[in-house]
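Scroll down for the structure; my scribbles are underneath it.
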Amino acid sequence: MNRNFMAIFLSVLLLFNLLQTHQIHAAAMSDEELRILQDSLSIIELDREIARIEIQQEEAHRSANKLQLELEQKNEQIHRSREQAGKRLAAYYMGERESLMAAILSVNSLKDFFAVMDYYQIIAERDRDILDAYKSEYAGIKATKKKIDNLSIELAGMKENLLKQKARISELQDSVQGVLSASSDPEKLAALIRELGMYWENVGLYEVRRYFRELASAMADFPDFLQDHKESLTSDRSGYTLTVREEDLNSFLHGKSQLLKDMSFQFENGLIIAKGKRDSLELQLEGSYSVENDPENCIKFHVERLIFNGLELPDTTRNELEQDFDLGFYPKKIVPFVEATEAAISEGTLKVKLKLGL
C-alpha cells in the first residue's frame, strides 16, 4: 500500500469517527454554524479555483514563450526569403532578362529556341517558388502574432479573475474570523470547519464529480430516449416538438446508471431540479436549458445552483463542473437535419422546438 493511499485511508477513517459525533448536515445547524460552514466551503473551493487558474497561467506563459520563439524564427526565415527574392528579381530585371532576350534572338533552330524557353521556364518557376515561400512565411508570421495577441488577452483575463477570486477569499476569511471571534464556542465551530474541509476534499468533491460524470454519460445516450418514447416527437406546421415528461426522464436516467437511481429529477417553471441522497451525502442540482449554436446546435445545460449537504457551492465550482461535464443534448443526434430553436421548461415538462436545418 503506497504512502498516498495510506494517507487518504487514514484521513477518511478519522473523518468517519468524527462524523459519528458531528454529522455535517445543515438541517441540524444553527444559522451561525450554517453561515460559517458555507463561507469555509467557499474558501476551500475558491482556493482550488485559484490553484487551477495559476496552473493555466503557467501553461499560457509557456505557450506564449514558445510562440515568441517561433515568431523570431519565422522572422529570420522571412528575412532570408526577402533577400533571396530581392536578389532574384534584381538579377532578372537588371541582367538576366536582357541575357535571355539575347539568347532567344540568337537561336538558329527551333530546337535551340525551345531549349532556351525551357531554361527561362525553370528560372521563372524558381523565382515563383521563392516568392510563394515568402508569402507563406509572411502568412505564418501574421498567424503567430494573432495567437500571441489572443494569448495576451487570455492571460489578462486570467489575471483579472485571479485577483477577483483572491479578493473574495480575503473577504470570506475576514467573515469567518469575525464569526469565530464572536462565537460562544469557537472551538466547536473550528472543529466543524476542519471536519467539513476533510469531508469535502476526501469524499464530497469526488462524489459530486462522480454524479456529474454519470449524468454526462447518460445524456450522451439521450438519442436512445426517442427509441423508447417515439410519441414524444410530434410534427406541426413550424417543424417538430420534442416533449420530455418528468417521469419519462427519471425512468430513462435511472435505467442508464445505478448511481442515478438515488436521484429524482423535477421540471419546474424554467428549472430542472435534481435531488439525491446516499449515506451521509445530499446533493441538489438546479439548472436550466438554452439553445446554443456555437460550435454546433445543441440544448446546453447551465448549472444555476449546486447544494452539497445543505451548503451552496460557489459559482467557480458550478462553472468548472459545467465545463468538465456536458449535460446538454444534441437534436441532430436524435433526428437528422433538424435544429433546436427553443427549449422551455414548465411544470413537469420540457418542450424543445425543432425546425428543419439546411
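The values are calculated or read from the model by the stated rules, or taken from the named source; none is laboratory data. Model, not experiment: these values are computed from the prediction. To get the accessible areas, we keep the full protein, side chains included, count just its heavy atoms, and leave off ligands, DNA and RNA. Shrake-Rupley method; radii C 1.70, N 1.55, O 1.52, S 1.80 Å.
Under the rule of at least 5 residues apart or a separate chain, name every residue whose amide H is placed under 5 Å from the amide H of residue 341.
For residue 341, whose amide H was placed from the backbone, the distant partners under 5 Å are 353, 354, 355.
May I ask you to give the percent of accessible area on the stretch 164-215 that is carbon plus sulfur, with a probe radius of 1.4 Å?
48 percent
Could you work out what % of the accessible surface of the stretch 306-357 is carbon and sulfur, using a 1.4 angstrom probe and leaving DNA, RNA and ligands out of the count?
Percent of accessible area from carbon and sulfur atoms in the stretch 306-357: 47.
From the backbone phi of the stretch 158-173, what are the Karplus-calculated ³J(HN,Hα) couplings (6.51 cos²θ - 1.76 cosθ + 1.60, θ = phi - 60°) in whole Hz, Gly and Pro given as x?
4, 4, 4, 5, 4, 4, 5, 5, 5, 5, 5, 5, 4, 5, 5, 4
Considering only protein heavy atoms, what per residue accessible area in square angstrom results for the stretch 207-266 with a 1.4 angstrom probe?
Each residue of the stretch 207-266 exposes 51 Å² on average to a 1.4 Å probe.
How much accessible area per residue does the stretch 129-203 have, counting only protein heavy atoms and a probe of 1.4 Å, in square angstrom?
62 Å²
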